[in-house]
Every structure is written in structure tokens, then in C-alpha cells.
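The values are calculated or read from the model by the stated rules, or taken from the named source; none is laboratory data. Computed from a prediction, not measured in an experiment: that's the story for all the values here. With ideal geometry, Cβ positions are generated from the backbone for all residues, glycine too; neighbour counts draw on all protein chains shown.
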Amino acid sequence: MANDSSFLFAGIRFDKKFGTDIARFQKKDTDNSLAKIQSVIEDEENKETIEAVSAKKRKRKKTSSEAVDGFSVFRSSTSKSNKEVKVDDNEDESIRLKKEQNKQLERDAIFRKNHNIHVSGYNVPSALQSFDELNTRYKCPSYLLRNLAELGFREPTPIQRQAIPVLLQDRECFACAPTGSGKTLAFVCPMLMKLKAHAKGGVRAVIICHSRELSGQTYRECKKLAKGEKFRIKLMTKSLLRNADFSKFSCDVLISTPLRLRLAIKKKKVDLSRVEYLVLDESDKLFEPGLFTQIDSIIKACTNPSIIRSLFSATLPDFVEDRARELMHDAVRVIVGRKNMASETIKQKLVFTGSEEGKLIAIRQSFAESLNPPVLIFVQSKERAKELYGELAFDNIRVDVIHSDLSQDERENAVDNFRAGKTWVLIATDVVARGMDFKGINCVINYDFPDSASAYIHRIGRSGRAGRSGEAITFYTEEDIPFLRNVANLMASSGCEVPSWLTELQKKKWKKHRPNRDSISTKPVVEKENSTKPDL
Ligand SMILES: Nc1ncnc2c1ncn2[C@@H]1O[C@H](COP(=O)(O)OP(=O)(O)OP(=O)(O)O)[C@@H](O)[C@H]1O
């Protein structure tokens, strides 16, 4: 197999200008120029606080200089009573404190700017300079620091730098950061720190993930981070749901899909009234109409008035922000980079294949010329996943398929074999488009054009994770052309070069674009019904 994964051939190829690989997690130099400080401060909502402090400071400065000019008040302490000295000392101290506070705000703003972190909310805690600060600022237990080191996490990622202190200071939080930028640790680490140690008494923390695969992955990540401390971390499996006695159920962290937890609330009367932390991962997916009723009943069941809720995703549409504002109290909004942006470490290409048949020819040709696994291929429905699998399974490449028609075991095996490198090419529906952390995917192929901007961002975000580089190729046919401009815009905003004709195309509202495509199969085609909502 060739090492080069830039294997897609005919069509248009738009490479991103890389320079050095985007070191998303790396610290940049600090520029202390006054102009930069000013512009940074203006970026922040802390501006109001800063202005208020500065105004007071100016007022005080004026007063003090007048006093000094007129009476040398601060210099001639001997001529004053003790009380006067005390008042002066207090005022001095308060000015010094304000000055220090102001300087800290400036330092915070510069640091955030250097890490592309944008915050809104009052008194937002300073971002973490390093994982050591977890200990110096928040007395992080040694097991957790040890686990971070063992996992090879040397520096916090931008979302971790900001979201961790926010949650540790008991503030609710809604956060948007690029795919693969370490959001899981950003909510698991403060949760474990706040829970401190195992304690009896119901469910203490809940993490909701939209799919079983993601729940399983998050469960394993939690276990890794909690290693060495006797937390009870549970995954809501089918068997737990069926067999557990929820009247006596107690665990520190419960990880579940919305449906299973809702069933546990309704049928098994699981008690969530003592939940102290609730995380909604992939929150925009959870707030979509299909899942919202379930999420709503979970939120309502978590009745603890001092609960800390947080929402995380790589895409944060306005309707989710609105929901978050309705739901949360005194929340901090954290955005890394820009909202709804594809990861900058992914080289993105568009390839015109003419027809459905053209896609199959193109993919076969490219695999014959060079295949650099692991490669993940997305199609728009489980029927098409089966069809493509039926075609590629006999092409002498190690290919597998994952979709919702498979049993839980089959789905797990498909994921495990792909992770272990036994499968080179995994054909998938959007069931694994979000959240799944397949390390080192070299290339994502959108065999079928994604149906929305968020689908595009999450699908291609399976590569280019944790600062690594990756590649994404999107096939398009005539039917997809009305939505090309949307992809072009996403590509441009994440740093890829896009020819001007693409950005001049008309923009069309891009949602639920799943046209009735010709069968992938080279075998005789049976006419299919027009369907806009295929099963995944
Ligand atoms: N501080 C860190 N340093 C290095 N690697 C890290 C760090 N934090 C997390 N990672 C690794 O980065 C990868 C991506 O993390 P994670 O799955 O949490 O991303 P994410 O932001 O949730 O992505 P998505 O939006 O796709 O769900 C994982 O393999 C994780 O182990």
C-alpha cells in the first residue's frame, strides 16, 4: 500500500495551505503591546468590568495626585493620626488590588486570544496555563494527575484550559470546540474532581451521549481517567436496564443514551434527584426534535437545585444556544475558534463524479492505485451501506460495514476491528459520524454528500484529531451542486483554498439533503420508493 493518502484522482482538488501542521494545542508567543491588549479586552465581555475598574482607578488616581500635589498626604505619614494612616493604607491596598485584578484580566484576555478561546459571561475564571495548575489552583488528586501523565496528555487543549476551571468553579457551561479537540476530558476531569471520591446515595453525575457507540467510548474514557480511585462508573446497557434494581441503584457516574435513561426513569423509577452534574455531549444532536422529548424528561428528573449542567459539541446552532440560555443559570459560554467550523487540521477536497456509477469507479480506481488505511466512508442510508459493502467486499481489501441494522455485538466488533487495524476501510452511516474517536484515520470519504453543515463537520472530524493531520474527500454529483457553495464556505473558513467560482455559486438552505440516488449495486436495480428520511 502506498503511504500517500492523497489518492483521489480525477475531479477537483483543493489543498489547504498547511505551512507547519496546525498546532492547535500549542501555545503561541505572547505579544504584550498595549494596542493588542486593548483590542483583546474589547473582544471580551469582561470589558464592562474592566472599564468600571479603570474608571474608578482613574478617579482614584486623580484624587490621589491632587492630594499629593496639595498636601503631600501620602508622603508625610508622620503628620497624620493613626486613623488617617489606616484609611490611607486601606485605600492604597484597594488600589493595589484593583490594579492587580485589572492586570489579571488583561493577562487572561491575551492568553485566551493566543489560544483562540472566546468567552462570554461574568467573572469567567482564568484559563489553565498547564495541567499543574489543576493541582496548584484546585488541589487535583494525585491519581488524576498520574492518569493524565500516563495517557500522555502534557498540555491541556484550549477547550480544556477554559472549560475545566469554569466547571470547577461551579459555573454552568455551554461550549463549542472543534472535532477531536479533547472535549471529553474537558467535562470528565472536573466532574471527577468535584465528586472527589466514591459516595453512596443515588446517582451523582450523568453523561448523556446520543449513540450507544459514543456512550461506550465515553464510559471507557471515564474509567481510564478514574483509574486508581474507587468510583462507581456505570454504563446504561440493555442488561443493566433490564436487570438492575433501580430502587437501590447507586453510582457516581452514569453514562447513557437518552432513550435508555428515559426508559429507566419511566419504567424503573430511577431516581435522578441527587444528580450534581449533568453533561449533554453532542448537545445539538440531543436537542434535535427526535431526541428532545427524552432529553427534556431527563433534565426535568434532575431536580437537585444546585446541579451543574454543561453542554458540549463541535457545532452549536443558535437554537441550542437559546435552549442553553433558557435552561442554565449564570452560564459561561466558551467557544474555541469559531462556531460551526471544520477542524483546521483536515485537508479537504471536492470530487465531481458525474453519476453514482462514477463514484464506484472512482473509489475502486483510487484503492487500486493507493490505499492508506484507516479509511472511513460515509453513505446516506443503511441500504446504501449494505450495497457498497456488497461491492467492495470482494475487492481484496479488508472492508467492513456499520449501520443500525446490525446487532450490538456486530456494531462493537466493527468498531473494535477498525480500531485494531484489522479492517482497513469501514463503510458507515451517520451512526458513527459524531463523537467517535478512531485514532489516526487518514482519510474520510463522503461517498454520499452530507445532508447538512453539521453532518459535514462531524463526519470529516473523524480524521485530523488531537492535532494530527487528516484528509477528507467529498464526492458530488449533479444533485448535490445546489449545496456545493455551503461546503466551499466551510472549507474556506477552516483554511482551505477554494476557487472563486465555487464561492460565487448560489447558496441554498442545506438541510436534510438526501436525494433518492441510483443504487450503488452493479447488479440489476429494483426501483425504490422516494424517501427523504432513510434509516441509518
Ligand atoms: N490534552 C490532551 N493532549 C493530547 N491529546 C488529548 C488531550 N485531550 C484529549 N486528547 C485526545 O484527543 C482525542 C480527541 O478527544 P475527544 O474524543 O475528547 O475529542 P472531541 O473534542 O470530543 O471530538 P468530537 O467533537 O469529535 O466528539 C482523543 O484521542 C483524546 O485521547
When you go through (1) in contact (Cβ under 8 Å) with a residue 12 or more places away in the chain; (2) more than 16 Å from the ligand (Cβ to nearest atom); (3) basic (Lys, Arg) one by one for Lys267, which number turns out not to apply? (1)
Ile207: passes all of (1) within 30 Å of Ser469 (Cβ to Cβ); (2) more than 9 Å from the ligand (Cβ to nearest atom); (3) in a helix (DSSP H, G or I); (4) touching a residue at least 24 places away in the same chain (Cβ under 8 Å) but (3)
Enumeration of residues in segment 210-242 that are assigned to a loop (DSSP other than H, G, I, E, B), within 16 Å of the ligand (Cβ to nearest atom) and closer than 28 Å to Ser407 by Cβ: His210, Ser211
May I ask you to list pairs of residues, at least six apart or on different chains, whose Cβ atoms are under 6 Å apart, with the first in segment 247-264 being at pLDDT 95 or above and the second being small (Gly, Ala, Ser) and not in a strand (DSSP E or B)? Ile255/Ser215; Thr257/Ser215; Arg262/Ser297
Please name all residue pairs, on different chains or six or more residues apart, with Cβ atoms under 6 Å, provided the first residue is in segment 234-245 and is surrounded by 10 or more Cβ atoms within 10 Å (Cβ to Cβ) and the second residue is among the β-branched types (Val, Ile, Thr) and part of a strand (DSSP E or B). Leu235/Ile255
Among the residues of segment 162-180, are any free of Cβ contacts under 8 Å to residues at least 60 places away in the same chain, within 12 Å of the ligand (Cβ to nearest atom) and within 19 Å of the chain's Cα centre (by Cα)? yes
What strands (runs of 3 or more DSSP E), lying completely within segment 275-394, carry at least 3 residues that are farther than 30 Å from Ala420 by Cβ and either in contact (Cβ under 8 Å) with a residue 60 or more places away in the chain or touching a Phe, Trp or Tyr at 6+ places or on another chain (Cβ under 9 Å) (or both)? 277-281, 308-313, 332-336, 346-354
Assuming Glu155 fulfils every condition listed in (1) within 11 Å of the ligand (Cβ to nearest atom); (2) part of a helix (DSSP H, G or I); (3) not β-branched (Val, Ile, Thr) apart from one, which condition is it? (2)
Answer yes or no as to whether Pro165 is modelled with pLDDT of 95 or more and either on the phi > 0 side of the Ramachandran plot or touching a strand residue (DSSP E or B) at 6+ places or on another chain (Cβ under 9 Å) (or both). no
Single match in Asn147, Asn114, Asn123 (criterion: within 16 Å of the ligand (Cβ to nearest atom), over 30 Å from Asp271 (Cα atoms) and touching a residue at least 12 places away in the same chain (Cβ under 8 Å)): Asn147
If I filter segment 307-327 down to residues being at pLDDT 95 or above and away from the ligand (no atom under 16 Å from the Cβ), which single residue comes out as farthest from the chain's Cα centre (by Cα)? Ile307
